[in-house]
Amino acid sequence: MEQIAYVNGSFVPLSEAKVSILDRGFLFADGIYEVAAVLDGKLIDNASHLARLERSVGEIELALPETTARIEEIQKELVKRNNLANGMVYLEVTRGADTGRDFAFPKNVKPTLIMFTSTKDIINAPSAKTGINVITVPDLRWARRDIKSVALLAQVLAKQAAAVAGAGEAWMIEDGKVTEGGSSSCFILTQDDVIVTRQNGSEILPGCTRKAVVALAEERQLRVEERAFSIEEALAAKEVFVTSASLFVQAVVSIDGKKVADGKPGPMTNRLREIYVEFAKATAV
Ligand code: PDD
């Protein structure tokens, strides 16, 4: 059966899900997106994703066309209609389609809201056992990376470079420090057992999974430090991992072809992954 998508108030077969060529998401990347994981047909940490959505649209003065409560209803309805057990719901809101291509905000134009789902067994993904290799690239992005904008060309190029190199993620570097992954937050576990991840700010996206993992680690009295770190520090670390809605907690076993520790996912990464999965299942809606 063909997948069902949501476009501006209607549930339609994916092949019929269309927006105008004048849509500002298409012309200017004038839009915001969110990706929430689905486990056993339920949304994971969705309140956090919807809170970030509200913040992102607020930062670009874009009014959501629906309340976040209604958006969650639509997400759930889409999961149901697609009979989705495990995967993701993608949602995007743009400033809509005007009659031409004026850069300034249009007046009386309704924002576009679209959603679709994809299937992925996040829990049993093979990379969860093996870990992933990462490469490093310069961070070419704009100065407001805290906004989850659909302007992702720098990440597209970074992740294409990773794909060509046979790596699972690209870590972006600025001023000698890791900002974040192309679509993930970066962590290291130092030799003295401190979990380090870059502090939130305009240089990175405030990851929902990052936020949950930091809180879960602190609840368990694990030491967490929020500060920038270098690749040299990551290569000298006990463990390295990334977090995102579509990976949860995922070990990194090499950086630019150099092994991290023994080149296998470490015990802290595995433990945090288990803790996160437990949290995800317990709070799914
Ligand atoms: N990406 N940093 C960047 C640049 C991201 O694009 C993402 C998420 C994250 C992790 O955030 P979260 O834990 O809220 O998923 C960090 C999504 C999954 C994507 O673009 O597919």
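The values are calculated or read from the model by the stated rules, or taken from the named source; none is laboratory data. Here the structure is a predicted model, which means the values were calculated and not measured. No Cβ is skipped: glycine too gets one built from the backbone with ideal geometry, and neighbour counts run over all protein chains shown. Ligands, DNA and RNA are excluded from the accessible area calculation, which covers all protein heavy atoms including side chains. Shrake-Rupley method; radii C 1.70, N 1.55, O 1.52, S 1.80 Å.
Checking the structure you have, find out if any residue of segment 209-227 is assigned to a strand (DSSP E or B), within 16 Å of the ligand (Cβ to nearest atom), surrounded by 15 or more Cβ atoms within 10 Å (Cβ to Cβ) and not aliphatic (A, V, I, L, M).
Within segment 209-227, not a single residue is assigned to a strand (DSSP E or B), within 16 Å of the ligand (Cβ to nearest atom), surrounded by 15 or more Cβ atoms within 10 Å (Cβ to Cβ) and not aliphatic (A, V, I, L, M).
When the residues of segment 126-142 are filtered to those that are assigned to a helix (DSSP H, G or I) and of a type outside the set (Lys, Arg), which remaining residue is most open to solvent (accessible area, probe 1.4 Å)?
Once the filter is applied, the top-ranked residue is 126.
Being touching a strand residue (DSSP E or B) at 6+ places or on another chain (Cβ under 7 Å), open to solvent by 10 Å² or more (accessible area, probe 1.4 Å) and polar (S, T, N, Q) narrows it down to one residue among 202, 183; which is it?
It is 183.
Condition first: of a type in the set (Val, Ile, Thr), under 30 Å from residue 281 (Cα atoms) and touching a residue at least 40 places away in the same chain (Cβ under 8 Å). Can you find one or more residues in segment 95-113 that meet it?
The answer is no, given that none of the residues of segment 95-113 is of a type in the set (Val, Ile, Thr), under 30 Å from residue 281 (Cα atoms) and touching a residue at least 40 places away in the same chain (Cβ under 8 Å).
On the given criteria, is residue 235 open to solvent by 30 Å² or more (accessible area, probe 1.4 Å) and within 14 Å of the ligand (Cβ to nearest atom)?
no
Give the residue that is surrounded by the most Cβ atoms within 10 Å (Cβ to Cβ), with candidates limited to residues of segment 101-125 that are β-branched (Val, Ile, Thr) and farther than 26 Å from residue 40 by Cα.
So, considering only residues that are β-branched (Val, Ile, Thr) and farther than 26 Å from residue 40 by Cα, the one surrounded by the most Cβ atoms within 10 Å (Cβ to Cβ) is 112.
Going residue by residue through segment 270-280, is there one that turns out to be surrounded by 13 or more Cβ atoms within 10 Å (Cβ to Cβ), under 20 Å from residue 180 (Cβ atoms), not hydroxyl-bearing (Ser, Thr, Tyr) and not assigned by TED's automatic domain parsing to the domain that holds residue 69?
Scanning segment 270-280, I find at least one residue that is surrounded by 13 or more Cβ atoms within 10 Å (Cβ to Cβ), under 20 Å from residue 180 (Cβ atoms), not hydroxyl-bearing (Ser, Thr, Tyr) and not assigned by TED's automatic domain parsing to the domain that holds residue 69, so the answer is yes.
For residue 43, indicate whether it is touching a strand residue (DSSP E or B) at 6+ places or on another chain (Cβ under 7 Å), of a type in the set (A, V, I, L, M, F, W, C), farther than 25 Å from residue 248 by Cβ and in contact (Cβ under 8 Å) with a residue 12 or more places away in the chain.
Here the answer is no, as residue 43 does not meet what is asked.
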